[in-house]
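For reference, the structure is listed below as structure tokens.
What follows is calculated from the coordinates using simple rules that are stated; it is not laboratory data. The structure presented is a predicted model; accordingly, all values stated were derived computationally and were not measured. Cβ sites come from the backbone with ideal geometry, for glycine too, and all protein chains shown count toward neighbours.
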Ligand SMILES: C[S@@+](CC[C@H](N)C(=O)[O-])C[C@H]1O[C@@H](n2cnc3c(N)ncnc32)[C@H](O)[C@@H]1O
């Protein structure tokens, strides 16, 4: 652990990084920087030394991290797109792969940047997808939907901190079943639903298992949520785009659901590891 003595921040950073590295933490440099920034707090870019209390705080974080707890769950924050999002035991930590969903939507809507665009972030968790889009499209409005009241509290907190509450509606709902929802008011729906096969849950890394089961388990074949979403949309007169995060395992299942439900696949995009990750669909 780091000795409690007056050390320059640069030295504390090196020590933290080296401890993480020695203990096989994947991105020791990145995590050490996040830890130091977190402990330093905001607006302290000129701070050159840390108090003993702050060093103690770093040691506590390192201790938990070395036991396998994800850093984001320890400090209750995770960077996504251009912001930091609060997260906790009730929310899935935002993932870098999901940024591809934001990127795909902005590619489509940037040319209409100032239009009044309404959309739904379905299965919103921390709200990272919808809030990132709201920030980029200044006249857009988002309805955030999640079944978990606890997750919705975090979504609301993030909206509040990013000053996006006035352009947000928050609905606790089992997918699209809330009677207050008018689908045709929306230009697009974006969703990253749970899609892990139930039998694969136990194979997930110890770190991923810190995310709530409700955010991961997609049923026997991983497709339960996609089936419900298509079924519910087919019962409305929704004519618009649907952007879904997928896993390569559910790609064919989702493709077939689209074909069976009068919808057309516009593209499938891959993630940084060249795995199918995003599917864009239009209901006609
Ligand atoms: C994979 S997480 C996605 C969270 C966030 N959108 C993201 O990409 O980081 C799935 C979310 O779906 C929510 N969820 C699970 N079942 C649901 C349901 N029946 N209706 C609405 N949301 C649900 C979970 O609470 C969880 O927040």
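Report the full-extension gain for the segment residue 177 to residue 69: residue separation times 0.36 nm, less the Cα-Cα distance, to one decimal in nm. Mind dumping the intermediate values first?
Numbers: separation 108, 0.36 × 108 = 38.88 nm, distance 3.53 nm.
That works out to 35.4 nm of additional length.
Helix 149-161 sits at what angle to the longest principal axis of the chain, using alpha carbons and giving 0 to 90 degrees rounded to 10? Result, in degrees: 70. Report note on the peptides 29-41, 167-179: ranked by the mean count of other C-beta atoms within 10 Å, highest first, their order is 29-41, 167-179. Packing-based ranking of 143-153, 272-282 yields 143-153, 272-282, ordered from highest to lowest mean Cβ neighbour count within 10 Å. When the Gaussian network model of the chain links Cα atoms closer than 10 Å, the mean-square fluctuations of 133, 49, 75 top out at 49. Could you tell me how many degrees, from 0 to 90 and to the nearest 10, lie between the Cα long axis of helix 224-234 and the main elongation axis, the longest principal axis, of the Cα atoms of the chain? It is inclined by approximately 40 degrees.
Relative to one another, the C-alpha centroids of region 155-206 and region 219-249 are positioned 13 Å apart. Axis of helix 251-260 versus longest Cα principal axis of the chain: the two differ by about 30°, to the nearest ten degrees. Expressed in Å, the radius of gyration and Dmax of the Cα atoms of region 77-283 are 15.7, 45.
Applying D = kT/(6 pi eta Rh) to region 160-284, where Rh is the Kirkwood radius over alpha-carbon pairs, T corresponds to 25 °C and eta to 0.890 mPa s, the Stokes-Einstein value obtained is 155 µm²/s.
Panel order for 233, 266, by other beta carbons found within 10 Å of each beta carbon, from fewest to most: 266, 233. May I ask what percent, to the nearest 5, of DSSP beta bridges between residues of the chain are antiparallel? So the antiparallel bridges amount to about 45 percent of the total.
Using alpha-carbon pairs under 8 Å, 6+ residues apart, how would you state the relative contact order of the chain in percent? Before the final figure, lay out the partial values.
Working: 479 pairs, mean separation 38.1, N = 284.
Value for the chain: 13 percent.
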